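The values are calculated or read from the model by the stated rules, or taken from the named source; none is laboratory data. Keep in mind that this is a model prediction, so the values were computed, not measured. Here the Cβ positions follow ideal geometry from the backbone for every residue, glycine too, while neighbour counts run over all protein chains shown. Calculation scope for accessible area: heavy atoms of the full protein, side chains included, ligands and nucleic acids excluded. Shrake-Rupley method; radii C 1.70, N 1.55, O 1.52, S 1.80 Å.
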Amino acid sequence: MAKSNYTPIDKIIKSANLLGIESYGSPTLSDQALLDFPSVKIGPGNSKRSHSADEYIYVDELLTPKSLP
């Protein structure tokens with residue numbers, strides 16, 4: 001997946017960077033790409049599997065929160 005080329009000027013992006021959260025464009029952003037304000041897409045599972053014909057998440061991805069650096 002390609003890294004985002006977004007310039008980190010908004011508070012939400014700066015905050016994510018401070019937490020060590022990687023930012024990238026997702027192929028499943030849909031209408032989010034049309035928003036005229038900063039937003040974050042988050043959810044369980046691997047983004048590469050989302051909205052595919054065989055989309056799935058593992059139970060432990062729901063039950064185990066992701067640790068931040």
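How much of ILE21 can a 1.4 Å solvent probe reach, expressed as accessible area in Å² and rounded to 10?
70
For ALA53 and ASP31 in the same chain, what is the full-extension length gain: residue separation times 0.36 nm, less their Cα-Cα distance, in nm? Could you put the intermediate results ahead of the total?
Values: separation 22, 0.36 × 22 = 7.92 nm, distance 1.96 nm.
Gain on stretching ALA53 to ASP31: 6.0 nm.
Kindly sort ASP10, ASP36, ASP54 by accessible area of their heavy atoms, largest first, with the probe set to 1.4 Å.
ASP36, ASP54, ASP10
Just to be sure I understand the model, the point goes 7 Å from the Cα along the line to the Cβ. What's the resulting LEU62 to VAL40 distance in nm?
Once both label points are built, they end up 2.3 nm from each other.
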